[in-house]
Ligand code: AMP
Ligand code: GLY
């Protein structure tokens with residue numbers, strides 16, 4: 001090969017390589033996992049996390065920035081040559097951060113404020129599902145406690161009481177007795193337990209079955225399905241105790257067979273994107289369907305307009321695609337250029353929570369071992385912060401101990417092995433993440 005053609009090829013190579021700076025908004029385990037995965041792309045120079053947490057910037061290329069105001073984030077994105085922004089949690093989405101970035105001509109992956117209503121109002125989501133024939137539980141909406149109590153008396157238990165607005169995964173009470181249901185109604189409508197988010201409630205038919213989380217990326221037109229996963233919402237083993245933001249997850253979820261996968265696409269995901277379009281809303285971002293599956297039938301428990309936490313940790317642990325390039329293409333409406341590629345391994349993440357979680361968590365406890373990693377293990381940080389070079393607890397769900405293995409059992413062992421390496425005073429965790437699925441594998 002002549003020197004000239006070599007130079008030509010090298011130049012072409014350089015032109016094809018975009019060195020991108022990426023901004024991620026959020027501070028949880030989900031955002032740490034996103035930053036970790038994006039930073040592995042050889043087309044990424046810097047990953048900024050706003051604000052990140054005590055361990056999210058421990059990898060090369062990842063920088064925490066202490067900014068949360070939306071206008072300041074816009075200024076940061078402009079002055080730091082950010083190629084695109086990704087939004088982790090629901091709150092900034094429901095506040096319209098995507099609309100604000102786009103008004104300034106900035107690329108951002110996430111749904112508009114209008115589209116994010118699918119998550120920010122359960123009433124909106126239920127009405128949307130009913131009018132688009134998307135299978136979901138029967139329900140009624142209430143703002144007055146006496147009418148809600150009368151409805152429970154009529155329907156009996158078990159029954160499910162949900163705050164209409166955002167409540168960090170804690171606004172759902174699965175009442176096994178009528179007494180519990182009446183108490184939940186009083187807490188939400190009379191005692192204002194969730195503030196405005198609980199001033200309107202949904203009372204819903206109790207569904208039995210196996211849960212799964214099904215998340216897709218949508219670029220406004222085309223859909224890229226992520227690997228299936230299953231969260232564990234209850235605080236305690238055997239699905240006992242109160243609902244939390246999620247105590248552990250694994251991927252893939254064997255309950256989502258190829259047949260169920262296809263059903264989810266045709267009965268839930270496609271009609272949702274099409275239904276929104278009919279209402280004049282283009283959906284760009286992550287769409288998460290929380291599903292109940294029973295004997296081949298699926299029903300939607302909830303929609304989220306973001307990736308799940310802790311589902312993201314095992315999902316991205318298995319992703320073979322370059323996540324930064326996927327997101328870049330999604331921002332350009334070109335996600336159809338990519339096909340999903342996953343490691344054959346299972347991945348599993350168990351949440352190490354602080355004392356009192358899901359109540360007010362105990363903070364400032366020193367954490368040991370949180371920088372441990374191996375080829376099959378990683379510790380994703382969530383409620384942590386760094387003080388004088390030490391990592392301490394700073395939230396309810398503190399760390400996501402994540403492992404990978406050829407079988408669900410070996411992923412389980414890899415993740416749980418970390419519980420003897422990483423710890424802090426008051427740490428607690430579920431001992432049974434993925435156990436129910438083992439009989440399906
Ligand atoms: P959601 O935030 O609506 O997904 O509810 C949180 C959790 O409550 C779900 O993951 C389920 O475990 C449970 N849940 C919600 N709705 C129902 C329902 N209709 N029947 C049974 N369990 C439910
Ligand atoms: N893991 C449940 C959620 O992210 O909403």
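The values are calculated or read from the model by the stated rules, or taken from the named source; none is laboratory data. Bear in mind that the values here come from a model prediction, so they are computed numbers and not experimental data. Ideal geometry is used to build each Cβ from the backbone, glycine not excepted, and the neighbour counts take in all protein chains shown.
Quick notes on this one:
- Residue list for the range 280-334, restricted to those being farther than 20 Å from residue 37 by Cβ, crowded, with 20+ Cβ neighbours inside 10 Å and away from ligand 1 (no atom under 16 Å from the Cβ): 283
- The set of residues from the range 192-246 being in contact with a helix residue (DSSP H, G or I) (Cβ under 9 Å, 6 or more places away or on another chain), assigned to a loop (DSSP other than H, G, I, E, B) and at positive phi comprises 192, 220.
- Qualifying residue in the range 257-270 (condition: crowded, with 16+ Cβ neighbours inside 10 Å, closer than 16 Å to residue 225 by Cβ and within 16 Å of ligand 1 (Cβ to nearest atom)): yes
- Scope the range 199-234; condition over 30 Å from residue 258 (Cα atoms) and within 13 Å of ligand 1 (Cβ to nearest atom); matching residues: 201, 202, 203
- Residue within the range 133-146 that is over 24 Å from the mean Cα position of the chain (by Cα), modelled with pLDDT under 95 and in a helix (DSSP H, G or I) present: yes
- Wholly enclosed strands (runs of 3 or more DSSP E) of the range 292-397 bearing at least 2 residues under 18 Å from the mean Cα position of the chain (by Cα): 297-304, 346-353, 377-381
- Residue ID - nearest to ligand 2 (Cβ to nearest atom), chosen from residues in the range 229-239 that are modelled with pLDDT of 95 or more and under 24 Å from residue 166 (Cα atoms): 231
To keep it simple, each residue is scored yes or no on (1) in a loop (DSSP other than H, G, I, E, B); (2) at pLDDT below 90.
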position: 150; (1), (2): no, no
position: 157; (1), (2): yes, no
position: 160; (1), (2): no, no
position: 167; (1), (2): yes, yes
position: 174; (1), (2): no, no
position: 180; (1), (2): no, no
position: 183; (1), (2): no, no
position: 186; (1), (2): no, no
position: 189; (1), (2): no, yes
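- Within the range 135-150, residues that are on the phi > 0 side of the Ramachandran plot reach no partner that is part of a helix (DSSP H, G or I) and modelled with pLDDT of 95 or more with beta carbons closer than 7 Å at six or more positions or on different chains.
- Residue ranges of helices (runs of 4 or more DSSP H) in the range 36-115 with at least 2 members within 19 Å of the chain's Cα centre (by Cα): 90-94, 97-103
- Restricting attention to the range 247-265, the residues that are part of a loop (DSSP other than H, G, I, E, B) and within 15 Å of ligand 2 (Cβ to nearest atom) total 2.
- Sole exception among (1) away from ligand 1 (no atom under 16 Å from the Cβ); (2) under 21 Å from the mean Cα position of the chain (by Cα) for residue 274, by number: (2)
- Residue 247 meets all of the listed conditions (1) more than 21 Å from the chain's Cα centre (by Cα); (2) modelled with pLDDT of 95 or more but one, namely (1).
- Cβ-Cβ contacts under 8 Å between residues 6 or more apart (or on different chains), taken from a first residue in the range 290-306 that is over 15 Å from residue 246 (Cα atoms) to a second residue that is assigned to a loop (DSSP other than H, G, I, E, B) and within 14 Å of ligand 2 (Cβ to nearest atom), are listed as 305/116.
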